[in-house]
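To start, the structure itself, in structure tokens.
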Amino acid sequence: AIGGRRVLVTGGAGFIGSALCRRLVAREGCETLNFDKLTYAASLDSLAPVAHDRHYRLSVSDICDRAALDAAFADFRPEIVFHLAAESHVDRSIDGPEAFIETNVVGTQRLLAAALQYWRGLPVAARDAFRFVHVSTDEVYGSLGPTGCFTEQSPYRPSSPYAASKAASDHLALAWHATYGLPVIVSNCSNNYGPCQFPEKLIPHMIIRALAGDTLPVYGSGENVRDWLHVEDHVAALIAVATGGRAGEKYNIGGHQERRNIDVVGAVCDALDRLQPLAAGSYRDRIAFVSDRPGHDFRYAIDPAKAEAEIGWRSTIGFDAGIDLTVRWYLDNQGWWRNILSGGYRAERLGHSA
Ligand code: NAD
């Protein structure tokens, strides 16, 4: 079990990282250090439930800053590291790849180097128990045809600058195990959704546009397939991987929930039709097809058999129930996303980055 351990989370103010911090602090009782630079993608509102808990602290720092990393390791002395800090939005990586290379590749290398130096100084028992979980994506595998699934043996064929930068970081993480013995585990997860996801991502984007009365733009003909996992299932998988996974291994994480993009948007519309009905018609009437994203992978699907068999993790939230929960969350927490759309979330954090 992870309860009571000292856990360093990079990127803990983002979508998945904040869900992980909330769970580690509130449910597992872990001493948790959130090491996050607070880019545009971070919202401290996502951490409100734990912000004042004595088990939680925040270091506003960049994973490219080796001195800040060394200080965090020396002062906090983590037993587990979850590395989630990344630039994460595919469309932004197409418009401006530089930041993706800087954070995802260079930043990961600096973090691995700092972790290695710290780990080498630990007593032997603590060294054996230490885990560095590198959190990655199924996008590193590239695109599938209509059938088959990605396994841990699938070759790396990243298409977007985002996926290429994550692929590079996966190789670095595993090289730090093979070359230096650092107890690294790599997890490759399918598309996440759930509360506190930044408004630019597909599902929140559609919910927010629908509520504003705007059209719902779908790339191409909406036939592209993604495999979807609720963020709470992902966070549970990460904890299971950290406590039950083997060092030097990769684990694919997914919940067997493949959906075409058009069906994802349709499910969002159906949930809104139930929860916030229009005076007339359906939200589906607002779906509009727009020109496709360049290099758009056709299909991703994860085979999570290894994680299920070796560490006993299983997803628990089906897609329809998860979409219903998520749409409800965006309806009930309009302050969270309106604060992002207005830019207020960035002004409020000035005190933190001083
Ligand atoms: P996100 O964009 O919501 O959050 C990223 C966080 O990292 C932000 O809080 C940001 O401030 C922080 N960050 C960025 N650059 C940093 C730097 N240089 N130093 C310190 N902090 C920095 O991302 P997310 O969707 O929560 O994804 C988290 C991780 O999980 C990423 O590594 C991503 O590749 C991976 N992943 C995401 C998904 C998904 O569907 N969202 C699926 C599989 C894997």
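Quick notes
- Model label zone, Arg246; criterion: amide N under 16 Å from point 7 Å along Cα-to-beta-carbon; scope segment 153-169: 153
- Loop-resident chymotrypsin sites (Phe, Trp or Tyr not before Pro) (DSSP state other than H, G, I, E or B) in segment 247-308 with no more than 14 further Cβ atoms inside 10 Å of their Cβ: Phe298.
- You can think of it this way: the chain between Arg338 and Arg54 has 99.4 nm of extra reach, that is 0.36 nm per residue less the Cα-Cα gap.
- The chain - charge dipole about Cα centre, Lys and Arg +1 at Cβ, Asp and Glu -1, debye rounded to 20: 620
- Most mobile listed residue (Gly245, Gly29, Gly194) in the chain, GNM with C-alpha springs under 10 Å: Gly29
- Antiparallel beta bridges, as assigned by DSSP with both residues in the chain, represent about 10 percent of the total such bridges.
- For segment 224-283: relative contact order, % (alpha-carbon pairs under 8 angstrom, 6 or more apart): 43
- Computed over the chain, Kirkwood Rh from alpha-carbon pairs, angstrom: 20.6
- In degrees, nearest ten, helix 66-76 long axis to first principal axis of the chain (Cα): 70
- Projected over all directions and averaged, the alpha-carbon convex hull of segment 117-233 occupies 10.1 nm².
- Annotation note: trypsin sites (Lys or Arg not before Pro) in segment 225-255 located in DSSP loop regions with a Cβ neighbour count of at most 15 within 10 Å are Arg246.
- Sorted largest first, extent of segment 234-302 alpha carbons per principal axis (Å): 55, 32, 15
- The dipole here belongs to segment 71-168: it is taken about the Cα centre, uses +1 on the Cβ of Lys and Arg and -1 on the Cβ of Asp and Glu, and is about 380 debye.
- Selection of chymotrypsin sites (Phe, Trp or Tyr not before Pro), segment 30-91, meeting DSSP coil and at most 15 other Cβ within 10 Å: Tyr40
- Dimensions (Å) - segment 270-324, Cα atoms, principal axes, largest first: 50, 33, 8
- For segment 35-64 versus segment 134-178, the gap between their alpha-carbon centres in whole angstrom: 27
- Counting only alpha carbon atoms, the long axis of helix 202-212 and the longest principal axis of the chain meet at about 40°.
- Folded to 0 to 90 degrees: helix 161-180 orientation relative to the chain principal axis, Cα: 20
- Sum of -39500 (n - 2.57) over DSSP H runs of 4+, divided by residues of the chain (222 nm, nearest 500): -12000 deg cm²/dmol
Each value in this text was obtained by applying a stated rule to the coordinates, not by laboratory testing. Bear in mind the structure is a predicted one, so any value in this text is a computation, not a measurement. With ideal geometry, Cβ positions are generated from the backbone for all residues, glycine too; neighbour counts draw on all protein chains shown.
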